[in-house]
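Following: one structure in structure tokens, then a few remarks.
Read the figures in this text as sums done on the coordinates, not as results from a lab. Treat the numbers as computed from the prediction; the structure is a model and nothing was measured. All Cβ positions, glycine included, derive from the backbone under ideal geometry; neighbour counts span all protein chains shown.
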Amino acid sequence: MTITATNWNIKDTSKLTGLSPSVLRIWELRYGWPNPKRKSNGYRTYQQHQVDELKRVAEIVKNGTPISALIVDGLPKWPSAETAAPAKRALVQARSGTPPVDAVEAGLYHELLNALETHRTPMVRQLLQRIVWTVRPSDEAQTALVPTLVAIAELRSRNRPLPEATDITAQIKERCEQLLRMQRSSSDALVIVPARAGDEALAALTAVVLCYRGVPAKPWHELREPSSACLVVTDGEMLPTKRTHQVGHVSTLGTDGGLTITQLLDRSKPLPWQVTVPTA
């Protein structure tokens with residue numbers, strides 16, 4: 001119920017701003033803002049300018065700016081004109097792959113990318129689990145695993161890192177290891193070497209993609225150099241160090257002379273290093 005045309009209780013303020021009453025209370029307690037007046041019965045009453053500010057803050061937070069960076073000394077610190085322009089939110093590289101042909105899988109694919117774009121990590125986690133239950137193992141990389149890992153790297157490169165990205169990356173790595181255990185072992189498997197600590201999930205995912213393309217592959221877990229043909233992968237912007245038996249490299253977002261993990265999914269294109277893999 002409204003008090004006047006320009007004063008609102010917490011319930012109506014919540015409806016007007018899209019912020020839950022609990023969020024309004026937490027912000028007030030933690031940051032001293034907003035600081036609504038109180039009626040004689042202790043109920044909060046928000047003025048129109050506070051509602052307008054809450055709407056503006058809610059939109060900025062939705063676009064990826066943490067509330068702790070916006071409220072300084074109990075007042076909003078609005079972005080400058082240069083930074084106030086809306087950040088480019090659409091994931092370009094994560095969406096550059098071919099969506100699944102199956103309608104159900106395509107729906108999950110787009111829903112997952114939307115959740116990643118809007119930083120809804122709990123939804124990302126739920127969708128990944130749902131895809132494991134509903135999608136064929138051979139289609140998981142295209143539907144979920146590759147776009148998710150690429151999206152995490154893309155968001156990080158834009159200074160909009162996905163909350164709990166480390167946990168999501170670990171979830172992908174664990175699922176890839178499960179998928180690899182379903183494959184037949186091969187003595188001449190192509191070794192996938194992570195370029196640095198933190199690239200293990202990409203190494204496991206690259207091995208999964210190759211296995212389902214008919215190329216036996218396995219991630220390398222040892223510190224020593226592999227003694228057979230290897231592919232080096234990097235989930236960062238740095239170029240991987242050239243290894244003795246290296247036949248190529250793969251990255252999430254692309255490096256000079258290498259493939260992206262998204263390009264690796266395209267079965268219509270030959271693998272450039274296959275003709276150069278040394279034989280025993």
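Using 0.36 nm per residue, how much length does the chain from Ala90 to Gln178 gain when fully extended, once their Cα-Cα distance is taken away?
Using 0.36 nm per residue and subtracting the Cα-Cα distance, I get 28.6 nm.
Once all Cα-Cα distances of segment 103-180 are split into 5 Å bins that start at 0, what whole-number percent is in each one?
Cα pair-distance distribution for segment 103-180, in percent: 3, 17, 32, 26, 16, 6, 1.
Long-range amide H contacts for Val233: which residues qualify at under 5 Å (H placed 1.01 Å from N, peptide plane, sequence gap of 5 or more or a different chain)?
Val193, Ala195, Val250
Can you tell me which lysines have their Cα less than 23 Å from the Cα of Lys77? Leave out same-chain residues fewer than eight positions away.
Cα-Cα hits under 23 Å: Lys37, Lys55, Lys62, Lys88.
Rounded to two decimals, what ratio of Rg to Rh does segment 176-225 give with C-alpha atoms and a Kirkwood Rh?
Computed over Cα atoms, the ratio is 0.94.
Against the longest principal axis of the chain, how steep is helix 165-181, in degrees 0 to 90 to the nearest 10, with axes from Cα atoms?
It is inclined by approximately 30 degrees.
In what order do Leu75, Leu70 fall by count of nearby beta-carbon atoms within 10 Å, going from fewest to most?
By the 10 Å Cβ count, ascending, the order reads Leu75, Leu70.
For segment 184-276, compute Rg over Rh where Rg is the Cα radius of gyration and Rh is the Kirkwood radius from the inverse mean 1/r over Cα pairs.
On the Cα set of segment 184-276, Rg over Rh gives 0.91.
Taking the Cα centre of each part, how many Å lie between segment 194-232 and segment 4-54?
Between the Cα centre of segment 194-232 and that of segment 4-54, the gap is 53 Å.
Rounded to the nearest 5, what % of DSSP beta bridges with both residues in the chain are antiparallel?
In the chain, DSSP labels about 35 percent of beta bridges as antiparallel.
Can you run phi through the Karplus equation (6.51, -1.76, 1.60; θ = phi - 60°) for segment 122-133 and list ³J(HN,Hα) in whole Hz, with x for Gly and Pro?
These are the phi-based 3J(HN,Hα) values: x, 5, 4, 4, 5, 5, 4, 5, 5, 5, 4, 6 Hz.
Can you tell which of Thr262, Thr244, Thr169 shows the greatest fluctuation in a Gaussian network model of the chain with Cα springs below 10 Å?
Thr244
Using bins 5 angstrom wide from zero, how does P(r) for the chain break down, in % of all Cα pairs?
Each 5 Å bin holds this share of Cα pairs: 1, 5, 11, 14, 14, 12, 9, 8, 7, 6, 5, 4, 2, 1, 1, 0, 0, 0.
Amide H neighbours of Ile71 under 5 Å, counting only residues 5+ apart in sequence or on other chains, H built in-plane at 1.01 Å?
Lys77
In whole Hz, what ³J(HN,Hα) sequence does segment 185-195 give by Karplus (6.51, -1.76, 1.60; θ = phi - 60°), x for Gly and Pro?
The phi angles translate into 6, 9, 6, 10, 4, 5, 8, 10, 9, x, 5 Hz.
Report for segment 172-265 the percent antiparallel among DSSP-assigned beta bridges with both residues inside it, nearest 5.
0 percent
Could you line up Val247, Val104, Val23 from fewest to most neighbouring Cβ atoms inside 10 Å?
Val104, Val23, Val247
Just want the answer: with Cβ charges of +1 for Lys and Arg and -1 for Asp and Glu, which residue in Ile192, Thr65, Ile261 is farthest toward the dipole's positive end in the chain?
Looking along the dipole axis, the top candidate is Thr65.
Compute the signed sum of charges (Lys and Arg +1, Asp and Glu -1) over the other residues within less than 12 Å, Cβ to Cβ, of Thr169.
-2
Picking from Gly258, Gly97, Gly42, which is most flexible by a Gaussian network model of the chain using Cα springs under 10 Å?
Gly42
Whole-Hz Karplus ³J(HN,Hα) for segment 137-145, in order, using 6.51 cos²θ - 1.76 cosθ + 1.60 and θ = phi - 60°, x for Gly and Pro?
Each residue of segment 137-145 in turn: x, 5, 9, 5, 4, 5, 6, 9, 5 Hz.
Counting Lys and Arg as +1 and Asp and Glu as -1, each charge on the Cβ, what is the dipole of the chain about the Cα centre in debye, to the nearest 20?
The calculation lands at about 820 debye.
Could you give P(r) for segment 7-84, binned at 5 Å from zero, as whole percent values over all Cα-Cα pairs?
3, 16, 27, 28, 16, 7, 3, 1, 0
Measure off 7 Å from each Cα along the Cα-to-Cβ vector at Arg125 and Thr65, then give the distance between these two points in nanometres to one decimal.
2.8 nm
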